[in-house]
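Scroll down for the structure; my scribbles are underneath it.
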Amino acid sequence: MLENMKDMLNKADSGKYAVPQFNINNLEWTRFILEQCQELKTPVILGVSEGAIKYMGGYKTVANLVKSLISNLNITIPVALHLDHGSSYESCVKAINNGFTSVMIDASKYPLEENINITRQVVNYAKDKDVTVEAEVGAVGGEEDGVANELAYAKVEDAIKLVNETNIDFLAPALGSVHGIYKGEPKLDFERMVKIHELTKLPLVLHGGSGIPDQLIKKSISCGICKININTELQIAWSKTVRLYLKENEKVYDPRKIIKSGEAKMKEMITSKVLLFGSNNQA
């Protein structure tokens, strides 16, 4: 069923595991993720970026697609539909009004006070509609960098101030992860992670989960991370397999066969992440 993230992440926090967020890019990806997570009996968060929403036809199209697949595939695990890195109050409102059950407002590029003001507006709008809100403090590294800027790591006092003044449900503190492919080893600040978790008393979110070594993922979960975002590793697993399939089957032109050729490898990656996060059999 489609629900917000509150119950699933609070359970993860107390149970010391993490719920996966897998980003969706089209109908097939949504189906593959839902089917595999149903088999593994794990709650799952379907993350959708603003770019993916535009590509897929709009907020309403995405929400209706997800709801229809949940119904038609007889999905019984908890599923949240989450706006990933909403860039403005307006984009969060569109997501909420069209059936998303959770939103992330990412105003981390602004000074702290402006980040707080924008985030508070989103929370005030979302609360009446039973939609959960995630916010970011600090700056997670971008795909063009591949490395995190230690000067952009979240400050403990900033995290506390943001939480206290906005009433958000979850916090994504930038502590050494990056989006996309890492250049070198991730440098996660676990000491600061523990402090933020203990002082804010909120489930924490790890962005840029693709490419982080397993032992660091496990340590992150022990330090308060309850939601881990995975996108790049699914894209790589799927695209490598599809490229090989096309090379070996040059006469195939049916797009259904082409897209489906990456299904097995993608589902293998989903399984490995769910088992690593410890969320299997939690639904």
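Annotations for the structure displayed:
- For the chain, with +1 on Lys and Arg beta carbons and -1 on Asp and Glu, the positive-most of THR119, LEU234, THR132 along the dipole: LEU234
- Of the residues ASN25, LEU199, VAL156, the one whose Cα sits farthest towards the positive end of the charge dipole of the stretch 6-277 is ASN25 (charges of +1 on Lys and Arg Cβ, -1 on Asp and Glu Cβ, taken about the Cα centre).
- Full extension of the chain between SER88 and ASP128 yields a length gain of 12.5 nm, computed as 0.36 nm times the residue separation minus the alpha carbon distance.
- Modelled spin-label separation between GLU113 and LEU199, with each label point placed 7 Å from Cα along the Cα-to-Cβ direction: 2.1 nm.
- R0 of 45 Å, Cβ-Cβ distance ASN10-GLU250: FRET efficiency to nearest 0.05: 0.30
- Of interest is the spacing of the C-alpha centroids, which for the stretch 31-74 and the stretch 196-258 amounts to 16 Å.
- From phi via Karplus (6.51, -1.76, 1.60), per-residue ³J(HN,Hα) for the stretch 99-113 in Hz, x at Gly/Pro: x, 5, 9, 7, 9, 10, 9, 10, 9, 5, 6, 8, x, 3, 4
- In terms of its C-alpha gyration tensor, the stretch 4-57 has an oblate overall shape, because the principal axis ratio a/c (a ≥ b ≥ c, square roots of the eigenvalues) is not below 1.5 and a/b does not outweigh b/c.
- Near SER108, the amide H atoms lying under 5 Å from its own belong to GLU136; only residues 5 or more places off or on other chains count, and H is placed 1.01 Å from N.
- In the stretch 196-273, the GluC sites (Glu not before Pro) that fall in loop regions by DSSP, at most 12 other Cβ within 10 Å: GLU250
- Per-residue 3J(HN,Hα) values for the stretch 43-55, derived from phi via the Karplus relation 6.51 cos²θ - 1.76 cosθ + 1.60 with θ = phi - 60°, read x, 9, 10, 8, x, 9, 6, 4, x, 5, 4, 4, 5 Hz in sequence order (x marks Gly and Pro).
- Within the chain: Cβ-based charge dipole about Cα centre, in debye rounded to nearest 20 (Lys, Arg +1; Asp, Glu -1): 760
- Here the Karplus curve 6.51 cos²θ - 1.76 cosθ + 1.60, taken at θ = phi - 60°, turns the phi angles of the stretch 12-25 into couplings of 5, 4, 6, x, 6, 9, 10, 8, x, 10, 10, 7, 9, 10 Hz, with x standing for Gly and Pro.
- If a spin label sat at a point 7 angstrom from the Cα of GLU39 along the line to its beta carbon, the backbone N atoms of the stretch 217-256 nearer than 17 Å would be those of 234, 237-238.
- Overall, the stretch 192-283 carries a charge dipole of about 100 debye about its Cα centre when +1 sits on the Cβ of Lys and Arg and -1 on the Cβ of Asp and Glu, all other atoms neutral.
- Linear extension gain, LEU27 paired with THR61, 0.36 nm per residue minus alpha-carbon span: 11.2 nm
- Sorting ARG243, ARG31 from the fewest to the most surrounding beta carbons within 10 angstrom yields ARG243, ARG31.
- Sparse-neighbour loop sites [GluC sites (Glu not before Pro); the stretch 20-97; at most 15 other C-beta within 10 Å; DSSP]: none
- Estimated inter-spin distance, ALA139 and LYS54, nm [label 7 Å along Cα→Cβ]: 2.1
Each reported figure results from applying straightforward, stated rules to the coordinates on display, with no laboratory input. As the structure is a prediction and not an experimental result, all values here were calculated from the model. Cβ sites come from the backbone with ideal geometry, for glycine too, and all protein chains shown count toward neighbours.
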